[in-house]
Each structure stands twice: as C-alpha cells, then as structure tokens.
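> Can you keep this structure in mind? I'll have questions shortly.
The values are calculated or read from the model by the stated rules, or taken from the named source; none is laboratory data. Since the structure is predicted, the reported quantities are computational estimates derived from the model, not experimental observations. Cβ atoms come from the backbone with ideal geometry, glycine included; neighbour counts cover every protein chain shown. In case anyone asks, the SASA skips ligands and DNA or RNA and just uses the protein heavy atoms, side chains included. Shrake-Rupley method; radii C 1.70, N 1.55, O 1.52, S 1.80 Å.
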Amino acid sequence: METIGTLNMVGLGLAAIGPGIGVGLIFAAFVTGVARQPEAEGKLRQIAILGFVLAEQFFIIGLALAFVLKASNT
Amino acid sequence: MTLASIAFGAVTGPPSPGPSDFDLPGIAGSAVTKPMVLVALSVVLIVALFYSMARPAAVVPGRLQFAGELVYGFVRNGIARENIGSHDFQKFVPFLFSLFLFVLVNNFYGLIPVIQFPTMSHIGYPLSIAVLAWLVYNGAGIAKKGFFGYLKHETVPPGMDKWILPLLVPLEFLSNIILRPITLTLRLFATMFAGHLLVILFSLGGEYLLLHSDPVLNKVAGGFSVVLAIAISFLEILVMFLQAYVFTLLTSMYISEAIADEH
C-alpha cells in the first residue's frame, strides 16, 4: 500500500511532545497550588495561562511551519 | 490551489491548503485588500461601540454600559493594575485597552461568517502593533530614567560579579530590547495563521471527502472532519481571546519592568 503525504506531519507530531509535557506540568502545578490555597486561584490562573500560552506557542509555530515549508520537488 | 479555485472551479484533486490561501486578491482589481478593509472596519466598530456605551455615563449603568465597563475593568484592574502597580498604571490604561480591543476584534474576524479572515494572520499587522508596544515601553523607561540610565536598567542585572558582565550585557540587551517585539509578533501571527489554516483544512477536507469521493468510508471520515472543524472553531474562540489577553499582558509586563525602581 502506497502512502502519500509529507514528512512534515511526522515532525509536527514529534514537535507536539515537548509543549504537551510543558502544558501538562503547568496545569498540574496550577491544580496543586489551588488545592493548597484556594484563595490564590485568581492570581495563579493568570500565571498559569501565561505559561500555557508561552509553552503552546512552540507547537503553534511548528504547526504553521509544517504547512508553510514545502518540499521543493512537489 | 487557492480557495477560490476550489469553490468556483472544477475539482481536480484533494484540497491542499497552504499559505497561498492567505494571499487574497485586491478588491475589484485595486491594491486594497480584505485585511486592510477589515482593520479600518475594526476601528470604526470599536469607536462606535464604545462611544455608544460611554455616552450615557449613567451612575447606574444600563445593559450596554455595564458590558463596556466589564471589559474596561478587566483590562484596567486585571491587567494594568496587577502588573504595573497602583502608583503609575493609569497613564498606560488607554494604550493597553485599545491594544486589547484592537487585537481581540481583529482576531474574532476569523470566526464571523462572511468576514472569516483573521487580520492578524498577515504578519504586517501584528508586527506594526508590536513595534508600537516596543516604542511605548522603551519610551516609558527612557522618560523615567534617561537614555543611559534606562539602558543600564535593562541590560545590567543588579548584584552580579564584574567578570560575568561582558557575557550578560549583550544577552540581556538581545532579549530585552531586540527580541521582544519579534516574539510578540511571531506568537500572535503564528497562532492566528495556524488556527485559520486548521479550520480551512478540516472544512475543505470534509467537503471533498463528503461530496467528491466515492468510497463509503470516506464519507464517514468526511462527516467526522466537518464535526472536527466545528470543534476547532470553538477552540479558536478561546485561543483568539487568550492571544489578545497575552499580548496585552506581556506589553504591560514589559512596561512595568521598564519603569520599575532599582532594588
């Protein structure tokens, strides 16, 4: 069976590992923090969201690049 | 292959969305493109909406005024006062508030039917507002500390040994002065670009699988793809808001760092 497509997508899957772990760690820390000190939730959420977006951007940039970079012979 | 050739021309093969989908032709053959019109429209929309919200200026706010005050309070208290501090945040509130609304409205264009094009997926628009943010935070720092005082404040971390400074100063200069507008730009641009591309990908792919391919299995996959396109649109609502929030948040953090006192 012939498979067509671009290896960019495999790279994209690999690139998702890092941000996935990062985002998981951020929200794990957020949940722990709220469980220990529920009144700090508002402040912690702001920090968590900032960290989430900063970690997520690498995957997003990779996603954009996976579509933008095309092999020259296609 | 561009969107137009798929929508109006004959179907020649599976759609392959790419950056060329973002190269919209000028309206009626002119040099004016859709994003330009949308940016102008966003300014008109924001001004009209907030003028009508602020005009009654009632002590007991009506429904519209309450909504406006909610957004204003979010930026003023949640972003500006939290980060810059209650002493001198008020000068920056108008700038941060317009920044937030401008980015938010231009992002939400990506989901409004008929318009459906996030302006910020063209890199020139986020770049120009990032340059504006760069000018503001550097200007605020220079106004407070003087040119060389500000440079020293941004590039020389306090409490460091002398021998490490030649290594540290260029790094700090690079990260605090040069790279900040670039990362602001790339973050907003890439998110909007990739999000819009995903919506294009799943809706076009679903359409092709449902209508233009024969095997029954493909129809199932096509239906799944359409459902996924809708789900991704909902995710995009969150992401669009978050990007506007983070853009404003980071700008206010940069401002607060630029005008912070030595400690």
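> Output yes when any residue across the stretch A:42-65 is of a type outside the set (D, E, K, R), farther than 30 Å from residue B:21 by Cα and surrounded by fewer than 13 Cβ atoms within 10 Å (Cβ to Cβ), and no when none is. It would help to see each step written out before you state the result.
We begin by selecting, within the stretch A:42-65, every residue of a type outside the set (D, E, K, R); these are A:42, A:44, A:46-55, A:57-65.
Of the ones still in play, those that are also farther than 30 Å from residue B:21 by Cα are A:42, A:44, A:46-51.
Filter once more, so that each one left must be surrounded by fewer than 13 Cβ atoms within 10 Å (Cβ to Cβ): A:42.
Yes, the stretch A:42-65 contains at least one residue that is of a type outside the set (D, E, K, R), farther than 30 Å from residue B:21 by Cα and surrounded by fewer than 13 Cβ atoms within 10 Å (Cβ to Cβ).
> If you don't mind, another one. Return yes when residue A:13 is closer than 24 Å to residue B:14 by Cα, at the interface with chain B (Cβ under 9 Å from one of its Cβ atoms), under 16 Å from the mean Cα position of the chain (by Cα) and not in a loop (DSSP other than H, G, I, E, B) and no when it is not. Don't jump to the end; show me each part of the working.
Values: closer than 24 Å to residue B:14 by Cα: yes; at the interface with chain B (Cβ under 9 Å from one of its Cβ atoms): no; under 16 Å from the mean Cα position of the chain (by Cα): yes; not in a loop (DSSP other than H, G, I, E, B): yes.
No: the conditions fail for residue A:13.
> Right, here's the next one. For the stretch B:4-21, indicate whether the set of residues that are within 14 Å of chain A (Cβ to nearest Cβ), loosely packed, with under 15 Cβ neighbours inside 10 Å, assigned to a helix (DSSP H, G or I) and at pLDDT below 80 is non-empty.
Our first condition is that a residue be within 14 Å of chain A (Cβ to nearest Cβ); within the stretch B:4-21, this holds for B:13-21.
Filter again for loosely packed, with under 15 Cβ neighbours inside 10 Å, leaving B:13-14, B:19-20.
From what is left, the residues that are assigned to a helix (DSSP H, G or I) are B:19-20.
The next check asks that each one be at pLDDT below 80; those that pass are B:19-20.
Yes; the residues of the stretch B:4-21 include at least one that is within 14 Å of chain A (Cβ to nearest Cβ), loosely packed, with under 15 Cβ neighbours inside 10 Å, assigned to a helix (DSSP H, G or I) and at pLDDT below 80.
> Does residue B:46 fit the bill of being surrounded by 14 or more Cβ atoms within 10 Å (Cβ to Cβ), at pLDDT 90 or above, in a helix (DSSP H, G or I) and in contact with a Leu (Cβ under 6 Å, 6 or more places away or on another chain)? Write out each step before concluding.
Details: surrounded by 14 or more Cβ atoms within 10 Å (Cβ to Cβ): yes; at pLDDT 90 or above: yes; in a helix (DSSP H, G or I): yes; in contact with a Leu (Cβ under 6 Å, 6 or more places away or on another chain): yes.
Judged against the criteria, residue B:46 is a match.
> Could you list all residues from the stretch B:179-194 that are of a type outside the set (A, V, I, L, M, F, W, C) and within 8 Å of chain A (Cβ to nearest Cβ)? Step through it out loud before you land on a result.
In the first step, residues of the stretch B:179-194 are kept if they are of a type outside the set (A, V, I, L, M, F, W, C); the result is B:180-181, B:183, B:185, B:187, B:191.
Within the stretch B:179-194, B:187, B:191 qualify.
> Name the residue, out of B:220, B:199, that is more than 12 Å from chain A (Cβ to nearest Cβ), touching a residue at least 40 places away in the same chain (Cβ under 8 Å) and among the hydrophobic types (A, V, I, L, M, F, W, C). Break it down into steps so the answer makes sense when it comes.
Numbers: B:220 fails: touching a residue at least 40 places away in the same chain (Cβ under 8 Å).
Criteria check complete, one pass: B:199.
> Determine the pairs where a residue that is more than 9 Å from every other protein chain (Cβ to nearest Cβ), located within the stretch A:53-69, has a partner that is open to solvent by 20 Å² or more (accessible area, probe 1.4 Å) and β-branched (Val, Ile, Thr) with Cβ atoms under 7 Å apart, the partner being 6 or more residues away or on another chain.
Pairs that qualify, where the first residue is more than 9 Å from every other protein chain (Cβ to nearest Cβ) and the partner is open to solvent by 20 Å² or more (accessible area, probe 1.4 Å) and β-branched (Val, Ile, Thr), are A:55/A:23; A:55/A:26.
> A further question on this structure: Going through B:151, B:111, B:70 one at a time, which residue ends up being open to solvent by 30 Å² or more (accessible area, probe 1.4 Å), in contact with a Ser or Thr (Cβ under 7 Å, 6 or more places away or on another chain) and modelled with pLDDT under 95?
B:111
> I would also like to ask the following. Could you go through the stretch B:28-42 and let me know if any residue there is within 25 Å of the chain's Cα centre (by Cα), assigned to a helix (DSSP H, G or I), modelled with pLDDT under 80 and within 30 Å of residue A:68 (Cα to Cα). Don't jump to the end; show me each part of the working.
Just the residues of the stretch B:28-42 that are within 25 Å of the chain's Cα centre (by Cα), to begin with: B:31-42.
Going one step further and asking which of them are assigned to a helix (DSSP H, G or I), we end up with B:34-42.
Pick out the ones that are also modelled with pLDDT under 80 and you get none.
Within the stretch B:28-42, none of the residues are within 25 Å of the chain's Cα centre (by Cα), assigned to a helix (DSSP H, G or I), modelled with pLDDT under 80 and within 30 Å of residue A:68 (Cα to Cα).
> Now, a different point. Here are some residues: A:6, A:32. Which one is within 11 Å of another protein chain (Cβ to nearest Cβ), open to solvent by less than 100 Å² (accessible area, probe 1.4 Å), over 20 Å from residue B:191 (Cβ atoms) and more than 17 Å from the chain's Cα centre (by Cα)?
Numbers: A:32 fails: within 11 Å of another protein chain (Cβ to nearest Cβ).
After applying the criteria, what remains is A:6.
> Does residue B:129 fit the bill of being open to solvent by less than 40 Å² (accessible area, probe 1.4 Å), aliphatic (A, V, I, L, M) and assigned to a helix (DSSP H, G or I)?
Details: open to solvent by less than 40 Å² (accessible area, probe 1.4 Å): yes; aliphatic (A, V, I, L, M): yes; assigned to a helix (DSSP H, G or I): yes.
Criteria met by residue B:129.
> Any chance you could count how many residues in the stretch B:169-194 are under 23 Å from residue B:260 (Cα atoms) and either open to solvent by less than 40 Å² (accessible area, probe 1.4 Å) or of a type in the set (Asp, Glu) (or both)?
Selection size over the stretch B:169-194: 6.
> Check residue B:110 against each of (1) out of contact with any Phe, Trp or Tyr (no Cβ under 7 Å at 6 or more places or on another chain); (2) more than 28 Å from residue A:44 (Cβ to Cβ) and name the one condition it does not meet.
Here residue B:110 meets the rest and fails (1).
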